[in-house]
Amino acid sequence: MVIIMGVQYYEGREHRYVDYPIADVLQMMGMACRPTVDERSRCLLMCQQTRKEFYKKFLNEGLPIESHLPTHFLHDFFLAEIAEETIENKQDALVSNLRVFTMVERLMVVQDILTWTYFYRRLTQNPNYYNLNNVSHQHLSDHLSELVETTLDDLVTAHCISIEDETTVSKLNLGWIAAYYNISCE
């Protein structure tokens, strides 16, 4: 059993009480459950009445989580896939499971790998967060194609990959080293 008495601590520099971050409160609550040791576990959270509803709502419903793949990790994600030769050309990176309306031969359709990510799921559920105006197949296709093209162009500029014949993608030494040691291409 874990008892949390209060969800605030005194910040000496600011001379005021500050709420614990939600992650810290969840970490404390998590100490109550030891799946291999305990059959039952409990957590008692003592807080002010004004904070009670917030924690009840947070624990019962949770907060929405959005993907940070396109803003922080997409370059490294693609670089790892190119280094492992999962992506050998732009066509490998394009999806065929979304219906293309007129330009089938156009390479900028949608990233196949991206359609299997949490980012793609959230893109259709919360398009405003990702600056997407519409969730039609054409809009998704155009948005992801632009994202793929700019990411691959950035990797070319960083001398991590090379694109030959406008379709064939291959890794360069810097890209292979970054992927092998799992370091950022930046």
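Throughout, read-outs are computed from the coordinates displayed, never taken from laboratory work. Bear in mind that the values here come from a model prediction, so they are computed numbers and not experimental data. Cβ atoms come from the backbone with ideal geometry, glycine included; neighbour counts cover every protein chain shown.
Pop the C-beta distance of Ala23 and Glu164 into the FRET formula with R0 = 41 Å and round what comes out to the nearest 0.05. After rounding, the FRET efficiency stands at 0.35.
Calculated mean residue ellipticity at 222 nm for the chain: -11500 deg cm²/dmol, from DSSP H runs with n ≥ 4 weighted as -39500 (n - 2.57), summed, divided by the residue count and rounded to 500.
What ranking do Asp165, Asp154, Asp76 get, fewest neighbouring Cβ atoms within 10 angstrom at the top? If you can, show how the numbers build up before the last one.
Numbers: Asp165 7, Asp154 16, Asp76 19.
Lowest count first: Asp165, Asp154, Asp76.
For the residues Glu164, Glu14, Glu61, a GNM of the chain with alpha-carbon springs under 10 Å puts the largest fluctuation on Glu14.
Under a Cβ-only charge scheme (Lys and Arg +1, Asp and Glu -1), can you give me the dipole magnitude of the chain about the Cα centre, in debye to the nearest 20?
Working: 15 positive and 26 negative charges, 293 e Å.
Around 1400 debye, computed over the chain.
The Cα center of segment 145-186 and the Cα center of segment 8-73 differ in position by 39 Å.
Counted by neighbouring Cβ atoms within 10 Å, the residues Ser162, Ser67, Ser170 run from fewest to most as Ser162, Ser170, Ser67.
Quick one: order Ile82, Ile65, Ile3 by neighbouring beta-carbon count within 10 Å, fewest to most.
Numbers: Ile82 24, Ile65 8, Ile3 11.
By the 10 Å Cβ count, ascending: Ile65, Ile3, Ile82.
Springs between Cα atoms under 10 Å define the GNM used for the chain, and in it the highest mean-square fluctuation of Phe119, Phe54, Phe73 occurs at Phe54. Based on C-alpha pairs under 8 angstrom that are at least 6 apart in sequence, the chain has a relative contact order of 19 percent.
Dipole orientation for the chain: of the candidates Thr157, Phe78, Val169, Phe78 has the Cα lying most toward the positive pole (charges on Cβ; Lys, Arg +1; Asp, Glu -1). Look at the alpha carbon pairs under 8 Å that are at least 6 residues apart: their mean separation over the length of segment 2-61 gives a relative contact order of 40 percent.
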